[in-house]
Amino acid sequence: MCYNPRLPQCYESNGMLKQRTLKTSIRASGVGLHGGVKVNMTLRPAAPDTGIVFRRLDLPEPVDLPAQALMVGDTRMCSCLEKDSAFGRVKVGTIEHLMSAFAGLGIDNAWVDLDAPEVPILDGSAAPFVFLIQSAGVEEQNAAKKFIRVTQPIEVRDGDKWARFEPYDGYRLAFSIVFNHPAIDKSAQKAEIDFAEHSYVREVSRARTFGFMQEVEFLRENGLALGGGLENAIVLDEFRVLNQDGLRYGDEFVKHKILDAVGDLYLLGHPLLAAYSSYKGGHALNNLLARALLERRECWEFASFAETGSAPVGVTRWLGQTATI
């Protein structure tokens, strides 16, 4: 059953799993989390097989940065696309929350126009981007949706941190964090989301980014978190959460790590059929895992489904879960 009339109807049993784009353009503005400058953003429909492409419009000529794992050049506190151009090194940072929303709603093709080097942070989660996409509407396209199906396990490590893919007939993400902080309950430092059973919109998209007051001075000295505050992040001091409204989920911290991973991994360019798991990971390890998968061609294959009945049930449930926030 589909829950939102603004999104496409669930696939018929004999219908092809199709690519998706936006029905119409939609605009938003906000502040960049790290640069602290105002950003105007427009999301626009794109033709089949375009993928997600970010376009910088504040330069003498527009510069396009496709959302691809191999174009990520900086993973300090966000995922940042980088590209050499006639105007020097061009960047688009903090793309992961918007990419997560595109992935969660099954959007294959879209243009993202920006007049600054960063996607606006909005409330620090993917929920505002989900709202924008739902408001624009979603349109199916006459082209098969193409998945990356993991066929062999692959793992990357950095000290005691690790991330891995394993074959799975659907899309499942499991994450573990380790924070010794009185406001982060130990029982809420692990989470698993299987899109066959859980709604991305309801159970993941509202999880906000978080940070610690004692780290703010260091981050700002390094040009990061200049636009951060209680309106767009969960902020903790040594003892408690400082946001008056508290947490949106009991396990919001680890849920946000899953939200980030959904966005980071969508930089593979296609939705995944895989089980992802990570221990103490982040943007850097997610990108390392994506790059490792692309290099190990024997570990994956492309998959499309001419009939919905041939697709994993988890895929059709995931793409049919279109409930509003």
Note: among 291, 317, just one is basic (Lys, Arg), out of contact with any strand residue (DSSP E or B) (no Cβ under 9 Å at 6 or more places or on another chain) and either in a helix (DSSP H, G or I) or under 26 Å from residue 78 (Cα atoms) (or both), namely 317
In the stretch 139-177, residues that are open to solvent by 20 Å² or more (accessible area, probe 1.4 Å), among the small types (Gly, Ala, Ser) and assigned to a strand (DSSP E or B) total 3
Those residues of the stretch 64-80 which are part of a strand (DSSP E or B), aliphatic (A, V, I, L, M) and open to solvent by 10 Å² or more (accessible area, probe 1.4 Å) amount to 72
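Yes/no per residue for (1) part of a helix (DSSP H, G or I); (2) open to solvent by less than 10 Å² (accessible area, probe 1.4 Å):
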{"residue": "82", "(1), (2)": "no, no"}
{"residue": "92", "(1), (2)": "no, yes"}
{"residue": "100", "(1), (2)": "yes, yes"}
{"residue": "111", "(1), (2)": "no, no"}
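Quick grid of which residues meet (1) more than 15 Å from residue 173 (Cβ to Cβ); (2) touching a Gly at 6+ places or on another chain (Cβ under 6 Å); (3) surrounded by 20 or more Cβ atoms within 10 Å (Cβ to Cβ); (4) of a type in the set (Lys, Arg):
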site: 233; (1), (2), (3), (4): yes, yes, yes, no
site: 269; (1), (2), (3), (4): yes, yes, no, no
site: 284; (1), (2), (3), (4): yes, no, no, no
site: 287; (1), (2), (3), (4): yes, no, yes, no
site: 294; (1), (2), (3), (4): yes, no, no, no
site: 310; (1), (2), (3), (4): yes, no, no, no
Residue under question is residue 150, and the condition is that it be over 28 Å from residue 228 (Cα atoms) and touching an Asp or Glu at 6+ places or on another chain (Cβ under 8 Å); does it hold? yes
The number of residues in the stretch 28-57 that are assigned to a strand (DSSP E or B) and aliphatic (A, V, I, L, M) is 7
Scanning the stretch 190-217 residue by residue, the ones that are part of a loop (DSSP other than H, G, I, E, B), modelled with pLDDT of 95 or more and open to solvent by 50 Å² or more (accessible area, probe 1.4 Å) total 1
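Just the residues that are acidic (Asp, Glu) and either crowded, with 24+ Cβ neighbours inside 10 Å or modelled with pLDDT of 95 or more (or both), please, taken from the stretch 235-267. Even if it seems obvious, please write down each step before you answer.
In the first step, residues of the stretch 235-267 are kept if they are acidic (Asp, Glu); the result is 237-238, 245, 251-252, 260, 264.
Matches in the stretch 235-267: 251, 252, 260, 264.
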If we keep only residues of the stretch 249-280 that are under 29 Å from residue 21 (Cα atoms) and among the basic types (Lys, Arg), then the residue nearest to the chain's Cα centre (by Cα) is 257
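The values are calculated or read from the model by the stated rules, or taken from the named source; none is laboratory data. None of these values were measured; they are calculated from a predicted model. Neighbour counts are summed over all protein chains in view; Cβ atoms, including those assigned to glycine, are modelled from backbone coordinates with ideal geometry. Accessible surface areas use protein heavy atoms only, side chains included; no ligands, DNA or RNA. Shrake-Rupley method; radii C 1.70, N 1.55, O 1.52, S 1.80 Å.
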